[in-house]
Amino acid sequence: MSNATLQKPAYHEVDMQKAISAVRKNEYPSIQKNAIAFGVPYPTLEARMSGQTTRANAHKLHQILSNAEERTPVQWITRLTHTGYPNIYD
């Protein structure tokens, strides 16, 4: 696996939503200035303003498990760990 696939974006979805809101309110004179002000990539902000959805939402139909179904085993394992349930593989 390359390093590019392991890197996370340097911004969060909250930052992108704030930038989108600022563009709609004309807080800055251009999309590029909004991107700089909120620390989000200009091409991504421009694409989102033209109606493109997030990567996660775009691939929802192709996922085998829903987000809730993914969280359920994690919560179960976490609960077992906190209660001191022994590891069956030790």
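Please treat every number below as a calculation from the coordinates, not as lab data. Quantities reported herein were computed from a predicted structural model and do not represent experimental measurements. Cβ sites come from the backbone with ideal geometry, for glycine too, and all protein chains shown count toward neighbours.
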Rounded FRET efficiency, nearest 0.05, which uses the C-beta distance separating residue 12 from residue 85 and R0 of 41 Å: 0.75
Backbone HN-Hα couplings from phi across the range 17-24 [Karplus 6.51/-1.76/1.60, Hz, Gly and Pro as x]: 5, 5, 5, 4, 4, 5, 4, 5
